[in-house]
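Below is one structure; the comments refer to it alone.
The values are calculated or read from the model by the stated rules, or taken from the named source; none is laboratory data. Given the structure is predicted, the values throughout are model-derived calculations rather than measurements. So basically every Cβ, Gly included, is an ideal-geometry build from the backbone, and we count neighbours across all protein chains shown. We work out accessible area using only protein heavy atoms, side chains counted, and drop any ligands, DNA or RNA first. Shrake-Rupley method; radii C 1.70, N 1.55, O 1.52, S 1.80 Å.
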Amino acid sequence: MSDSQRDPLSAALVGLLRRWAADPEVRLAMRALAEMLLAAAELPTAGDDSGRSEVNQDEASLAEDPPGPVDSLTEEALSDSGSGFVGSFPEPIEPLSRSSEAVPTVSPEPLPPLTLGQASPSRSESDGPRAASPAEDREQEDSEDVRLVARRCRLKAEGLRWLPERHRRHRDGDDPEEIAAGDQELIQRAKAMPRCYLWANHLLADPLGRQPELVEKLASAFDVAADAAELLHQLEDGNDPDDGLRSEILHAAAETQSALRVLVKRAGAQPDSDQNALFWHIRRHAERHSIFIENYLRKDQLADPNNLPVLSESLAALSDRLQEDRRRAKERRRRQNKLRYLSGKINDGDEDLENWRALVATINEMVDSGVPPSAVAIRDALVPVRDLMPDLGALPRGFELALREVDQYLDHQAESESHREPEEPTYWNIAVAKVADRLRGRSIVFFSNVENPHAKTALIDAFELADIDWVLTRKHQSIASFEAHVSRPDVALVVLPIRWSSHSFEGVKHFCERYGKPYLRLKAGYNPNQVAVQILDQCSERLGIDRGQEPGLGPHDRSSEIVPP
């Protein structure tokens, strides 16, 4: 066979052998086969360099490639670092000739003994890391931070995009040292990360790597997988979004890792460890939040890699939505904290109008931003201070809606109380006795939209009243009919609960002034002790009650002095 015929054939065989060398069992079998071929061809012995040099060169070139599976190490990288990185990238393969300087000359490596038909030999560490079992892979990937998966995917994409640039520089005759510096820069970055295997730079650096379309698709797939991993980290690290957004993110991430799996297989490689890690992160997250992902988590439900550009845009949009959701949640928490602070301050007796205006503005902002007026946070802040609310004039729409919801809640509570059996008689505080001295045998008028017969009975018994004229009202109704109730001669007191009064009901005060009746804006409930203290706070002078000599009956004080009912 002439040299012109032998050189192309040698180049093709070496390229084929380099790809097969990625599998250690195939490599061992090929060496055994080579030994038989050498014997059959009656080649000279190892001591005769004349006929053996070309074989040894080819064998040495083949030995530079890393043994073991796709995600594996060279012996050099394994001895230098524990990170597990392919120690060097093979040069683009050129046709071999006897005079070619590109083929390195090294000492011949002893061939292993024939093992065909025998059990596979155990793998030593020098052969590179063995492929982990599925259980070991899952255990390792479960413990990994998804941010590390994203970083490795980014580096793999960068390494893939270095391949065509590397080929171009070799073709243009650039300085080999500069090209090697680019290799080493990627190598050092990979060594800095645990379990970072740039297998694609080794597998695709031969003529297969000269398929720019496949290389770019695979690089794009790793980039989109990194986007998905980063989004999963955002999902796990922060307040929970709504279930709909979480489900969309998980479905997009599932489709991404499936498309990456398809391209890795198309490149002739084993499943990528980061694709596998991303798969388990998605599955665990879905199980934890009881989300069913119908597609792309099974080997028979593979995604279309051509959809990767659309997936990239979808993940970017989902990331924006998640950030906006987090921003709104943060603002909502800030307003809720402010609401609790203002409500507590007012309830503690600081009824400064500025506190009220801030409370109204905060609730209005919350409702305008989409918080329901019936939200528990708003209700919990308003209920304790509803009866203390002063006249603030015109109120913003959002606050009015919240106030209406709170009033309906309180009405429902009052309605429930009205059907509840009264408790056993308790001891009245001294204020009840003082009020009873002035109201005994007389009547009071009570304006309210809900009648509470049990409260009515308790007040009549505590103050020893002749009767309570309980007038049912409606929001914004005319007050003309109220005058007849106020003007009755036996009426000693007129009571208007703040929570059920509209601004138009404030005209009742003018009727009281016209007919000389004490007027009470009731700020609390119907308990006789509370009502008595409110009467002393607001109407003691009109009723002629001297409070100066009574200990513990100052404004806003709840005396512990008691008398039996």
Practice item. Inspect all residues belonging to the stretch 195-215 and state whether any of them is in a helix (DSSP H, G or I) and of a type in the set (Ser, Thr, Tyr). Key: no
Check your understanding: Of the residues that make up the stretch 191-207, is at least one open to solvent by 40 Å² or more (accessible area, probe 1.4 Å), at negative phi and basic (Lys, Arg)?
Key -> yes
Study note, to complete from the structure: Exactly one of 287, 255 is part of a helix (DSSP H, G or I), open to solvent by less than 40 Å² (accessible area, probe 1.4 Å) and closer than 30 Å to residue 320 by Cβ, and that one is 255
Practice item. Take residue 507 and decide whether it is touching a helix residue (DSSP H, G or I) at 6+ places or on another chain (Cβ under 9 Å), surrounded by fewer than 17 Cβ atoms within 10 Å (Cβ to Cβ) and touching a residue at least 40 places away in the same chain (Cβ under 8 Å). Key: no
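Yes or no, residue by residue, for (1) over 19 Å from residue 411 (Cβ atoms); (2) modelled with pLDDT of 85 or more; (3) surrounded by 14 or more Cβ atoms within 10 Å (Cβ to Cβ):
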| site | (1), (2), (3) |
| --- | --- |
| 455 | no, no, yes |
| 458 | yes, yes, yes |
| 470 | no, yes, yes |
| 476 | no, no, no |
| 479 | yes, no, yes |
| 484 | yes, yes, no |
| 497 | no, no, yes |
**Study point:** Hits in the stretch 290-323 - residues which are surrounded by 13 or more Cβ atoms within 10 Å (Cβ to Cβ), outside any helix (DSSP H, G or I) and hydroxyl-bearing (Ser, Thr, Tyr)
**Key:** 296
